[in-house]
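The values are calculated or read from the model by the stated rules, or taken from the named source; none is laboratory data. Just so we're clear, the structure is a prediction, and the values are computed from it rather than from any experiment. Every residue, glycine as well, gets a Cβ built from its backbone with ideal geometry; the counts of neighbours run over all protein chains shown. Heads up: the accessible areas ignore ligands, DNA and RNA and are worked out on the full protein's heavy atoms, side chains in. Shrake-Rupley method; radii C 1.70, N 1.55, O 1.52, S 1.80 Å.
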Amino acid sequence: MLRMLFGEPPGKPEGKWGETVEKMKQFAAMLHDRIVQGDDKDHRLRKAEIYTLGLIASLDELEQSRYAAQRFAGRIASATIEEMTPEETLDYKRYVYFDKNAFIRLFAVLDKLGTLLNVFLGLGTERIKVHFSYFTVIRTMRQRGAHPELSKALNELKEGFSEPMGRLRKRRNTEIHYMNPEMQDDLAQNDQAYGEQHRLENLQELQDDLSKGLEMVLDSLRISFDYTGRLLRKRTK
């Protein structure tokens, strides 16, 4: 959808993104078949189906936001706010908008995955913490020794991407709880050299973190839906 901003056709899931979406669709289809057959007395499968379809849509929104942020960042050549042309200023504001949208959505997708896993696997994480995150869910699995294959794979992913995800989480928390991240950067510069021109944050480094975050999300989704799909097939037999 957002590729229309650049005169391009809608993006089609391919590569790791396409493989992940395909596993999610297969899982949703299997859930639907079980529901139609009357095998969903407690409505757990129906919830899982709705969550899966929502995740597919949310992943698409995340990918689009990241793409738009990258494209607008690529239009900015100036090193400081003051040096920007009017066109660059607009593109920078557009970049900031889609960048924020992307890193907030990134954690939202993970938390939705956590909710799905909690429901489908019957983990009961809500009994420990009412408002829980994806990271609470995988910690619960690890501590209980539940679903060790899935737990080990997801925890290894979390550790492998800990540095870029830590920076993204800090930016997300700053945006939600304190101030706009780009304004925090301005504040830090003012503390160090008040009155000087405001240098832009390193947009390439920020985009690299976002790309790594998306990779972590895709891997987490693909591993999770491969596991839950195999589990559902075993239960069907």
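Scanning region 11-25 for residues that are open to solvent by less than 80 Å² (accessible area, probe 1.4 Å) and either of a type outside the set (D, E, K, R) or at pLDDT 95 or above (or both) yields a total of 9. Within region 132-155, being open to solvent by less than 30 Å² (accessible area, probe 1.4 Å) and either under 21 Å from residue 44 (Cβ atoms) or touching a Cys at 6+ places or on another chain (Cβ under 9 Å) (or both) holds for 134, 136, 137, 138, 140, 141, 146, 150, 151, 154. Looking only at residues of region 19-45 that are free of Cβ contacts under 8 Å to residues at least 12 places away in the same chain and hydrophobic (A, V, I, L, M, F, W, C), we find that the one that is farthest from residue 103 (Cα to Cα) is 36. Restricting to region 64-85, and then to whatever is touching a helix residue (DSSP H, G or I) at 6+ places or on another chain (Cβ under 6 Å) and of a type in the set (D, E, K, R), can you tell me which residue is least open to solvent (accessible area, probe 1.4 Å)? Residue satisfying both the conditions and the ranking: 66. Can you say whether residue 53 is within 30 Å of residue 232 (Cβ to Cβ) and open to solvent by less than 70 Å² (accessible area, probe 1.4 Å), as far as the supplied structure shows? Judged against the criteria, residue 53 is not a match.
Going through 159, 196 one at a time, which residue ends up being over 15 Å from residue 210 (Cα atoms) and either in a helix (DSSP H, G or I) or modelled with pLDDT of 95 or more (or both)? Checking each option against the conditions leaves just 159. Within region 118-131, being free of Cβ contacts under 8 Å to residues at least 60 places away in the same chain, crowded, with 19+ Cβ neighbours inside 10 Å and not aliphatic (A, V, I, L, M) holds for 118, 125. Count, please, the residues in region 58-102 that happen to be at pLDDT below 95, more than 20 Å from residue 7 (Cβ to Cβ) and small (Gly, Ala, Ser). Matching residues across region 58-102 total 3.
Please work out if residue 88 is farther than 23 Å from residue 156 by Cα, open to solvent by less than 80 Å² (accessible area, probe 1.4 Å), free of Cβ contacts under 8 Å to residues at least 40 places away in the same chain and in a helix (DSSP H, G or I). The answer is yes for residue 88. For beta carbons closer than 6 Å, sequence separation of 6+ or different chains, a first residue in region 94-117 that is without any contact (Cβ under 8 Å) to a residue 24 or more places away in the chain and part of a helix (DSSP H, G or I) and a second that is surrounded by fewer than 21 Cβ atoms within 10 Å (Cβ to Cβ) and of a type outside the set (Phe, Trp, Tyr), the qualifying pairs are 111/133.
Taking region 126-166, which residues are of a type in the set (Asp, Glu) and under 17 Å from residue 112 (Cα atoms)?
Hit for region 126-166 is 126, nothing else.
Does residue 48 satisfy the condition of being over 22 Å from residue 213 (Cα atoms), small (Gly, Ala, Ser) and in contact (Cβ under 8 Å) with a residue 60 or more places away in the chain? Spelling it out, residue 48 is indeed over 22 Å from residue 213 (Cα atoms), small (Gly, Ala, Ser) and in contact (Cβ under 8 Å) with a residue 60 or more places away in the chain.
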